[in-house]
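The values are calculated or read from the model by the stated rules, or taken from the named source; none is laboratory data. Predicted model only: the values in this text are computed from it and were never measured. Positions of Cβ are generated from backbone atoms using ideal geometry, with glycine treated the same way; all protein chains shown enter the neighbour counts. Remember, those area values only see protein heavy atoms, side chains included, never the ligands or the DNA or RNA. Shrake-Rupley method; radii C 1.70, N 1.55, O 1.52, S 1.80 Å.
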Amino acid sequence: MRQPHLDHGESVRCYARLSGASCASISCMRILLALATNAIILSTAVAQVHYYPDGRPWSQRTNSGPDKVAPGWFYNLGVTGIRVELVEDAPTHLVVRHVFEGSPAADMVKIGDHIVGAGGKRFQEPHQNGYGMSVFGPDGPILDFAKALQTALGAKGKNKGQLKIELSRGKKTQRVTLQLAATLGDYGKTFPVRCSKSEQILAELLDWLKDQQRPDGSFGSPPDNMFAPLAMLSSGKEEHQEAVERAARFHARTTKAKDHDSLINWRYAAAGIFLSEYYLATKQPWVQDELREIYEFLTHSQYTDQSQINPKAYESHPDAVPKKAGVKEGGWGHNPGFEGYGPIAMITGQGALAFALMRHCGVGVDQERHEAAYDFLARGTGKNGYVWYGDDVASHSDFADMGRTGAAGIACWLSPWKGDYKKRARQHARLIGEHPESFPDTHGSPTMGMAFAALAANVDKKSFRKLMNANRWWFTLSRCADDGTFYYQPNRDNAGYGGDSRLKPTAVTAFIFSIPQRNLAITGKPIR
């Protein structure tokens with residue numbers, strides 16, 4: 001599968017900014033992303049996480065939060081309290097690298113143990129290592145462990161919460177039974193729809209997110225500042241609305257019609273999306289003025305003409321600079337106009353969504369500009385409905401991560417203009433439903449991609465159901481034993497494990513679990 005060109009330096013700087021990663025980690029991530037991209041291009045069969053002989057991503061650590069005690073970026077095995085590594089010479093094993101104190105596995109599972117079975121069954125299928133259509137998905141010991149954990153959590157009577165695991169310790173094999181806290185049971189068959197566990201978890205996560213809000217009203221990176229308050233806004237509960245208004249005031253205070261900050265389009269698109277939903281929910285008049293400022297900035301930053309090309313791009317990215325009119329036009333990149341490798345689909349989808357929501361809020365939106373953004377996305381969409389990196393198609397039958405497809409899909413669904421937008425949205429949704437296995441693996445910010453993929457899939461009930469069913473394992477294994485928050489699992493992009501190892505995935509999980517409530521325009525609430 002051919003992958004579109006990625007600029008390593010700018011992709012890394014973008015992710016560092018979006019994820020809140022420290023500047024000291026940027027050079028390390030630049031090397032990491034360069035190697036990862038080369039591996040993607042050279043091979044599609046080399047699927048749980050893309051790891052390297054030098055120890056990455058397992059050697060990455062966070063210096064803050066509850067995960068700083070773990071010696072690296074390892075898979076979380078749900079509420080057991082165990083973190084594991086996948087190794088090449090034992091592809092049917094899960095190698096224990098950390099056990100949290102006070103967790104069900106403490107004093108029973110030791111660092112260095114190999115988990116070779118769970119739920120009374122030995123692991124048989126090996127894990128794979130890499131990125132591509134043939135290896136997406138958790139097949140292997142990760143999925144087998146998740147299924148055993150789900151069974152234990154959903155068991156009744158004396159077996160409730162009892163998880164049997166088989167360990168290889170040195171030359172001996174041992175069997176231990178972990179007693180898990182199983183008060184919530186397992187997820188229901190239609191989770192997060194009509195699922196009591198999902199509803200209880202959502203309530204707990206919203207309270208946790210409220211406590212994470214900073215004094216200035218923000219939560220951290222643009223995805224955090226969008227999805228955390230959106231989840232709380234969706235709840236409609238009084239106890240969350242003060243935090244929601246503080247988030248709205250933060251966005252209003254930090255946006256203006258003219259801004260020269262770096263990597264700025266992400267922040268303005270997020271602000272436009274959130275403040276539009278806030279206005280639709282509250283009808284507070286001051287919000288419209290703020291949306292008009294954001295709209296003015298986004299119209300300035302949208303690339304529509306060759307006169308907007310930054311002269312530096314001719315030196316830094318000569319092959320990416322458009323040679324003729326019509327190329328890249330209508331899209332947004334990391335920064336205004338055309339710099340670096342220019343506009344990309346992920347931010348263009350969010351820009352188009354922001355314009356659509358603003359129009360629904362009564363803000364004047366130029367139809368030609370807006371439809372230029374949709375045209376950009378259409379040029380980058382394969383015949384199968386998959387949205388590639390920019391406005392060109394690498395293949396009409398292949399697919400990879402679905403975040404861009406999700407952003408384009410929900411933007412099309414909410415388009416205020418006549419045309420085939422609903423048809424395009426359904427095609428994007430069905431493609432996500434047909435290939436749900438790449439859900440946690442979006443380039444740059446995987447959890448942000450998860451949120452947009454879920455939003456687009458939600459326009460088609462069957463596709464949303466397929467997506468959630470196929471990724472039940474992720475929601476089972478990502479939930480942590482210590483505080484019930486969700487964890488940023490290793491992924492094939494291997495980007496950005498840092499201080500928000502729980503904030504971003506928790507915010508996105510809360511948002512996804514709020515989708516069935518249909519209390520936002522983007523989740524299905526009728527716009528009046």
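Table for the structure above
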{"quantity": "Cβ charges +1 (Lys, Arg) and -1 (Asp, Glu), total dipole of the chain, debye", "calculated": "1540 debye"}
{"quantity": "Net charge over other residues, Cβ less than 15 angstrom from the Cβ of Lys283 (K, R count +1; D, E count -1)", "calculated": "-2"}
{"quantity": "Under 18 Å from the Cα of Lys158 - aspartates and glutamates, other chains or at least 8 residues apart", "calculated": "Asp186"}
{"quantity": "Hull-based mean projected area of segment 376-528, where the convex hull spans the alpha carbons, in square nanometres", "calculated": "9.4 nm²"}
{"quantity": "Candidate lysines for bridging to Lys156, where Cα separation is under 19 Å - those fewer than 8 sequence places away on the same chain excluded", "calculated": "Lys147, Lys164, Lys189, Lys197"}
{"quantity": "Extension gain, Thr299 back to Lys323 (0.36 nm per residue minus Cα-Cα distance, nm)", "calculated": "6.4 nm"}
{"quantity": "Restraint check, Lys68/Lys121; Lys110/Lys160; Lys210/Lys504; Lys383/Lys423, Cα-Cα greater than 22 Å", "calculated": "Lys68/Lys121; Lys110/Lys160"}
{"quantity": "Cα Rg, Dmax (largest Cα-Cα span) when computed across segment 61-133, Å", "calculated": "13.2, 40"}
{"quantity": "Rough spin-label spacing in nm, given labels placed 7 Å along Cα→Cβ, for Lys147 and Gln200", "calculated": "2.6 nm"}
{"quantity": "Segment 60-141: relative contact order in percent, alpha carbon pairs under 8 Å with at least 6 residues between", "calculated": "21 percent"}
{"quantity": "Amide H contacts of Gly117 (H built 1.01 Å from N, under 5 Å, at least 5 apart or other chain)", "calculated": "Phe123, Glu166"}
{"quantity": "Accessible-area value, His360, 1.4 Å probe, nucleic acids and ligands omitted, Å²", "calculated": "60 Å²"}
{"quantity": "Evaluated over segment 321-454, the Cα radius of gyration and Dmax, each in Å", "calculated": "13.9, 39"}
{"quantity": "Percentage relative contact order, segment 440-515, counting C-alpha pairs under 8 Å, at least six apart", "calculated": "38 percent"}
{"quantity": "Charge dipole of the chain about the Cα centre (unit charges at C-beta), most positive-ward option of Trp332, Pro343, Ile515", "calculated": "Ile515"}
{"quantity": "Hydrodynamic radius (Kirkwood) for segment 123-192, which is based on Cα pairs only, to one decimal in Å", "calculated": "14.2 Å"}
{"quantity": "Diffusion constant of segment 203-271 at 37 °C, which comes from Stokes-Einstein with the Kirkwood Cα-pair radius and 0.692 mPa s, µm²/s", "calculated": "266 µm²/s"}
{"quantity": "Inter-label distance, nm, simple model (7 Å from Cα along the C-beta direction), Tyr52/Lys171", "calculated": "3.8 nm"}
{"quantity": "Cα→Cβ-extended label distance, 7 Å offset, between Thr254 and Lys164, nm", "calculated": "5.2 nm"}
{"quantity": "Segment 156-263: projected area of the alpha-carbon convex hull, averaged over directions, in nm²", "calculated": "12.5 nm²"}
{"quantity": "Ranking by accessible area, most exposed first, for Val393, Val287 with a 1.4 Å probe", "calculated": "Val393, Val287"}
{"quantity": "Computed magnitude of the charge dipole of segment 231-343 (debye, nearest 20; Cβ of K, R +1, Cβ of D, E -1)", "calculated": "160 debye"}
{"quantity": "Alpha-carbon gyration tensor eigenvalues x 5, square-rooted, for segment 298-400, Å", "calculated": "21, 19, 10"}
{"quantity": "Solvent exposure of segment 338-479 as accessible area per residue, Å², 1.4 Å probe", "calculated": "28 Å²"}
{"quantity": "Selection from Trp266, Gly119, Pro71, by position along the positive dipole direction of the chain (Cβ)", "calculated": "Gly119"}
{"quantity": "Most positive-pole-ward Cα, Leu503, Thr485, Val459, against dipole of segment 425-528 from beta carbon charges", "calculated": "Val459"}
{"quantity": "Arg122 - accessible surface, heavy atoms, 1.4 Å probe, Å² rounded to 10", "calculated": "120 Å²"}
{"quantity": "Surface accessible to a 1.4 Å probe, Lys258 within the full protein complex, Å²", "calculated": "150 Å²"}
{"quantity": "Difference of contour (0.36 nm per residue) and Cα-Cα distance, Lys110 to Thr92", "calculated": "4.7 nm"}
{"quantity": "Ellipsoid equivalent to the chain - semi-axes via the Cα gyration tensor, in Å", "calculated": "38, 26, 21"}
{"quantity": "Scattering profile of segment 180-225 at q = 0.16 Å⁻¹ [log10 I(q)/I(0), Debye over alpha-carbon scatterers]", "calculated": "-0.59"}
{"quantity": "Mean-position separation - Cα centroids, segment 295-335 and segment 425-453, in angstrom", "calculated": "27 Å"}
{"quantity": "Given charges at beta-carbon only (K, R positive; D, E negative), |dipole| of segment 404-456 in Debye", "calculated": "360 debye"}
